[in-house]
Every structure is written in structure tokens, then in C-alpha cells.
Amino acid sequence: MLTKYLRRSPLRRKRAVVAAQVAACLVAMVGFAALTVDVGAIYNAKADLQRTADAAALAAAGQLAEYGSGDPIPLATAAALNITHENRVLGQTVTMNLETDLVFGRASFNNAANEYNFVATTSMPNAVKVRVRKTADSPNDSLVLYFARVFGVASTDIAAEAMAVMVPRDISIVADLSASHTDDSELCHYQLTDINLLDVWAGLPIPKGNNGVGNGIDPPPPGDPDNPNDDIGTGPGHPGNQGGNPDPGASPLGGQIGPTWGWMYYWGNNLDGDFDPAVDPGLMHFPRSQDWTNDDLVTWYQQVGYSADEINALLSAEFDDASSSSTDAWSCRVAVALGLARWDSGIPGGLWESLPPGLANNGNGNNWVGSSELTWLVDYPFDSGSWQDYIYNYVGSTSTTMYSANSDFRYRFGLKTFVNYVLERRVSHSQTPELADTPTQPMQAVKDAVDFMVTMIDGLDSDDQLSLEIYGRTAHHEVDLTQDYQAVSDRLLEMQAGHYDSWTNMGGGLERAVEELSSSRARALSHKVVILLTDGNANTDAFGNYSMQGATQYALEQAEAAAAIGARIFAVSVGADANQSIMQQIAEIGDGEHFHAEGSIEEYSQQLTDIFQRLGSKRPVELIQ
């Protein structure tokens, strides 16, 4: 009986085996679960660490060009720490050991090895290495494991590294050199801003002035320099002075600071919002078709040696309307009154009879002051233009921008209206190259801002390249992509508003930029950048025609072409007359930004400098590890 009860049935034996197998499988399943959970934690932690390292490296590298805000090393360090703290690893905050986990240096591309070489340095760094760790010797400790503890493994070390570099740029500066870049120096804007026409006069070379005046032979006698309108043209303020002696009446700054021509030697009143040309002692009023009554002028004519009959003819408007040309009687009378010419009238007893034989022109002896009877005492000083054009077609005209600003500028002659004539009518380099050395605005503000950016880029040792394109009615490539940054600034500094021509071919300027950034001089690894400047409106189409609509379309098409080669466009406009709308559109097409500066000359000059500081330091960064 006992033997019977101790025997196991086959079914019970099978159940025991299954139980043993299940127990063994559970152990294996727990092991796999531990492996799955911990490996997943390691994988996720590694991904979080890498994401944090990448972001911290990019943030730090992005600060390396911020020299305008101080030493970039502390800025980059703070940026890296901030990003590291904000990016949690498995929900926990991490940090770095700044002595071992954050390394600044210079990275240069090795073409042969097709990789970047990194040299640690804190002197002008262009790259940064970041390491974020969960290791036993880091501030963050090792990564804690869970099920692996069953096998005696409580934690593991993991880390991630990243290196970011400021990528070299190929930058094309596209500058507007249309004639409107002198507007804030011209009389047309004197009611809008404190124009700097005085500075333009001061910038012109004094040897371009002339020692003429008087009878063309003898200098005038001395007079009272304290009153420039008393005994006109005498004393140390007269053109023969040439700046050699102080002249209290020559300019608001004292002394002669620019060239003078004939009796156009006294600057007169300041050009501000209250300026009135009708009461400016620096402007002489010689209207057409009116007899002149000017005691100072009569006195001077007498001193020179004109007879009473000649003086009466010079003051009379009798023949002013007898002809209509730049050599009519009125313009000739003005030329004599300004001391630019002498009248050899042929009238008996006149000045001409006292001149040495053969010196006087052959006058016909009537009261008509004719152009053939003039002896010019003062040569027109520049390559293009003439005294007759200035007198008749400019100051005598109603078709000038200064007349539009104030009709009292008509028939008023002096330094102000002559320098303004040069700016409005003879602005190009082929006509008056001397203007390149004068601070016409806003041209000078643009030159200064570009020069500031060039100097800053040079100081950054950034491996950038710069080119210069300019546009008026036509667009010109001026300087190839180069690391001789000063060559770009120097070329712009020696140019002037309206350098080649006067319109605003924005599309052409962008097209020249696309050509240069697509040339063999552009580097494959560089970031391509276009900096587009203007103070006005695009008005020249692809065929060189004046067309606002066609010009806008052309400019936008070329912005698309720039974007197609990967160029980023930064559009910079200056002044209230600038078309900010098209500049904004162009910047958006080029995935860039639009900046605008306006206000007084002083205000927008500072704004432009600030803008170009930002542009110079706006360096693209990339992860290279």
C-alpha cells in the first residue's frame, strides 16, 4: 500500500518540469528587462547629452565675434553654461567643468585631409569644443542604472562632445552710389536737416580757388575786414588772401577754410532750419531784368577804375531781355559783379583805356555788356561746368532743387549756391573728382560705416573675404573677393556719390554680387553674404531704362538669384527717402534682415556704425564634430 501512494503520476512529473522551466525563464526575462530598461536609459541619456553639447557649442561659437559687447570669451562661456543648464538629461539639470569641458581655439580646414584642424587658444578664437558628461569625475556623477543592479552594476559613465566653428564668409558689399547720396549736404534739404554744405566747401582744395578780382592787374586797396560788405572785396578776406591771414568774416569757423572765387569768399549765415537766403550776407543778389542799386558794388567799380558810363551800364537791366542764352547781357553783368571777369567796354574814358596795350578785348563802345568783351579773371576751377552755366542755367533758373526748397535762392550768388551747383549739376567723378574727398552726406556716413566694419573684420582674424560692387544707373564690380579688407574700404573712400552716373540700379548691383559670389574666387565651404545699401528707390530696370516698376521687379529677381546660390542678404537703408518696403522684401527673400537708419546726420551716422558693427560680427556657425 505504501509503495502505491509514493509513486508520482506522469502528469505531476510534467508539471514539475514546467515549473522549473518557467522559473528559469523568469530569471532570463528579468535579465532582458533589466538590459532593455538600462540600455534605453543609456541611449536616451546619450542623446540628451549630445543634444546639449551641440546646442552649447553653437551658442558659445555664436558669441565669439561679439567684441563690440566686450571680451567674447566670458560671453561665450556664459552662453554655453546657460544652454547646458536649460537642456536636461533624463529630466535632470547638468553642468560643465569649465577647466576641462569647455575649450576655445582656432579651427582651420585641412583640404588634404578633408577635415578641420583644431588648436586650443584663447587669442582670437573662432571655434569651441564642448563636452557634457555624466561620469564619476564630473559635476553630474555617473548615470544611475536600475535593473542592472541585479548583476552588480549600479552606474555607468557616458559623455558627448561637440565642436562648433565660425564659418568664413564671402561678403559682397553692394553700395548705392547714386547722386542722391549728396542730398543731406545740399540746399534742397536745409529745412529737413542741418546740412553740412560748409564741410563740403571746406573739403574742396583751396588751390582750386583764384587770386583774381579787381582790374586783373592790381590788388584792391585794404579795407575793413570786420565788415565784409563795407568796401566790398578789400582787406584780408578778399580772394588774394588764400587763407594766409585770419579773416573774421570768411566763415563761421574763422579764417578761410575752403577755396574762394572772385567776390565769393564769405560764407555767411549758418544753414539751419531758420536760414533765410534773402538776408544772408554771404549771398549777393543780382536779379535779372532789374537795375541794381548796390553802393558797395558802385564803390568797388570806382576803385577798380570803371568810368561812370561803364558803371551805369553794368548796373542797368536795359539789355537783359534782349537775348536768352548763357552769354546774355545779364549773365555777363553778373560775371563782372562777382569779380570773375573784367569788362573791356570800348567806351571812351573807360577802364580798358588804362590797361597795357594789347591786354584789353576790343569792345564795341555801346552799353551792352557782351560776352566777347569780357576778360575772365577767374578760371572755372573744375573739369566740367562753367561760370556761365552756374550763373544763367543754375542760379537764374527755376528748375533746381534749391529753388524748390526756397525760391529766394534764385539770383543769389555766393559760396553756398556755387558749391551746391557742383553737387547738383556736376557731381560725377568725371566732372568734379574733387568731391570724392569731401564729406557729402549720407555718402560719408556710408563710407565711415563700411570702413568701421572692415577694420573690425580685420581685427577678428576671421578668414572672411570681401568684395565691392557699386551701382548708379549702371552697376560695376569694383574689388574682387579678397582678404585685403582695406582695399575694399580704400576703393569706396576714393569714390563719390554719382561716381559714374546718377540713377539707382539696385538690381544691377545685386547681379554683380551674384556674379562675384559665383566666381572662382568664392569658396565652397564659405557662407555667402550680400550687404545691400541704398538711400532711395530702385528706378532703373534690367535694360537701363528709368522705370520704378521695372526696377523693383529687376531687384527682386536678382534677390531670388542671390538666394538660389545660398547667399544671405542684409539690406541697409538710410534716410527718410529710402524705400524700406523693397529693402524688407529683398531681406526676406535672402533670409536676412533689414536695417534702417534716419534722423540727423549725426544720428544716422551713429546708427549706421552700429548696424555695420552688428553685420561685421554676425558670423554663421556650424557644428564640425
Response to the item:
If you go through Gly365, Gly339, Gly358, Gly349, the only one that is surrounded by 22 or more Cβ atoms within 10 Å (Cβ to Cβ) and part of a loop (DSSP other than H, G, I, E, B) is Gly339
Worksheet item: Can you find even one residue in region 377-395 that is over 18 Å from Trp263 (Cβ atoms) and in contact with a Cys (Cβ under 9 Å, 6 or more places away or on another chain)?
Response: no
Worksheet item: Which of the residues spanning region 238-296 are farther than 18 Å from Tyr421 by Cβ, at pLDDT 80 or above and not in a loop (DSSP other than H, G, I, E, B)?
Response: Ala278, Val279, Asp295, Asp296
Worksheet item: Looking at (1) more than 21 Å from Ile582 (Cβ to Cβ); (2) in contact (Cβ under 8 Å) with a residue 12 or more places away in the chain; (3) not in a helix (DSSP H, G or I), can you tell me which one Thr504 breaks?
Response: (1)
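Within region 159-182, take every residue that is under 15 Å from the mean Cα position of the chain (by Cα) and not hydrophobic (A, V, I, L, M, F, W, C) and give me the one that is surrounded by the fewest Cβ atoms within 10 Å (Cβ to Cβ). Can you show your working first?
Here is the first cut: in region 159-182, the residues under 15 Å from the mean Cα position of the chain (by Cα) are 171-182.
From the residues that got through so far, the ones that are not hydrophobic (A, V, I, L, M, F, W, C) too are 172, 176, 178, 180-182.
On the way: Ser172: 30, Asp176: 27, Ser178: 30, Ser180: 25, His181: 32, Thr182: 29.
Of everything passing the filter in region 159-182, Ser180 is surrounded by the fewest Cβ atoms within 10 Å (Cβ to Cβ).
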Worksheet entry | Filter pass, Asp141 being at positive phi and of a type in the set (D, E, K, R) | yes
Discussion item. Looking at the structure I just gave you, is Tyr380 open to solvent by less than 30 Å² (accessible area, probe 1.4 Å), within 33 Å of the chain's Cα centre (by Cα) and under 23 Å from Ser331 (Cα atoms)?
Written reply: no
Worksheet, complete the sentence: Reported set for region 591-616 where residues are buried (at least 22 other Cβ atoms within 10 Å of the Cβ) and either over 16 Å from the mean Cα position of the chain (by Cα) or in a loop (DSSP other than H, G, I, E, B) (or both) is Gly592
Worksheet entry | Selected residue (criterion: nearest to Ala564 (Cα to Cα)) from residues of region 537-550 that are in a loop (DSSP other than H, G, I, E, B) and open to solvent by 10 Å² or more (accessible area, probe 1.4 Å) | Ala542
Practice prompt. Mind listing whichever residues of region 104-158 are polar (S, T, N, Q), open to solvent by 20 Å² or more (accessible area, probe 1.4 Å) and over 17 Å from Ala41 (Cβ atoms)?
Written response: Ser108, Asn110, Asn111, Asn114, Asn117, Thr121, Thr122, Ser123
Response to the item:
Restricting region 75-103 to residues that are open to solvent by 40 Å² or more (accessible area, probe 1.4 Å), among the β-branched types (Val, Ile, Thr) and farther than 18 Å from Ala45 by Cα, the one modelled with the lowest pLDDT turns out to be Thr100
Worksheet item: Any residue in region 547-561 that is in contact with a Ser or Thr (Cβ under 6 Å, 6 or more places away or on another chain), of a type outside the set (Gly, Ala, Ser) and under 26 Å from Ala445 (Cα atoms)?
Response: no
Item to complete: Would you be able to say whether some residue in region 515-523 is within 18 Å of the chain's Cα centre (by Cα), in a loop (DSSP other than H, G, I, E, B) and either on the phi > 0 side of the Ramachandran plot or at pLDDT 95 or above (or both)?
Response: no
Item to complete: With the condition kept exactly as written, say whether any residue in region 559-575 is surrounded by fewer than 19 Cβ atoms within 10 Å (Cβ to Cβ), under 21 Å from Ser180 (Cβ atoms) and modelled with pLDDT under 95.
Response: no
Discussion item. Please go through region 477-488 and give me each residue that is without any contact (Cβ under 8 Å) to a residue 60 or more places away in the chain and crowded, with 18+ Cβ neighbours inside 10 Å, ordered by number.
Written reply: Glu478, Val479, Tyr485
Worksheet item: Among (1) in contact with a Pro (Cβ under 9 Å, 6 or more places away or on another chain); (2) over 15 Å from Leu143 (Cα atoms), where does Val94 come up short?
Response: (2)
Practice prompt. Mind listing whichever residues of region 183-204 are surrounded by fewer than 22 Cβ atoms within 10 Å (Cβ to Cβ) and of a type in the set (Gly, Ala, Ser)?
Written response: Ala202, Gly203
Discussion item. For the list (1) closer than 29 Å to Asp183 by Cα; (2) open to solvent by less than 60 Å² (accessible area, probe 1.4 Å); (3) out of contact with any strand residue (DSSP E or B) (no Cβ under 6 Å at 6 or more places or on another chain), I need the number of the one condition that Leu533 fails.
Written reply: (3)
Item to complete: Please enumerate the residues belonging to region 527-559 that are hydrophobic (A, V, I, L, M, F, W, C) and without any contact (Cβ under 8 Å) to a residue 24 or more places away in the chain.
Response: Phe543, Met548
Practice prompt. With the condition kept exactly as written, say whether any residue in region 321-332 is of a type in the set (Val, Ile, Thr) and either buried (at least 22 other Cβ atoms within 10 Å of the Cβ) or within 27 Å of Phe275 (Cα to Cα) (or both).
Written response: no
Practice prompt. Could you please tell me which pairs satisfy a Cβ distance under 6 Å, a separation of 6+ or placement on different chains, a first residue in region 582-611 that is over 15 Å from Ala567 (Cβ atoms), and a second residue that is in a helix (DSSP H, G or I) and charged (D, E, K, R)?
Written response: Ile601/Asp184
Discussion item. Looking at the structure I just gave you, is Asp389 of a type in the set (D, E, K, R), touching a residue at least 24 places away in the same chain (Cβ under 8 Å) and assigned to a loop (DSSP other than H, G, I, E, B)?
Written reply: no
Worksheet, complete the sentence: With criteria (1) open to solvent by 30 Å² or more (accessible area, probe 1.4 Å); (2) assigned to a helix (DSSP H, G or I); (3) modelled with pLDDT of 90 or more, Ile311 comes up short on (1)
Worksheet item: Of Ser331, Ser345, which residue is under 14 Å from Phe413 (Cα atoms) and either polar (S, T, N, Q) or without any contact (Cβ under 8 Å) to a residue 40 or more places away in the chain (or both)?
Response: Ser331
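The values are calculated or read from the model by the stated rules, or taken from the named source; none is laboratory data. What you see is a predicted model; the values in this text were computed from it and never measured. Note that each Cβ is placed from the backbone with ideal geometry, even for glycine, and that neighbours are counted across all protein chains shown. The accessibility values were calculated without ligands, DNA or RNA, using every heavy atom of the protein model including side chains. Shrake-Rupley method; radii C 1.70, N 1.55, O 1.52, S 1.80 Å.
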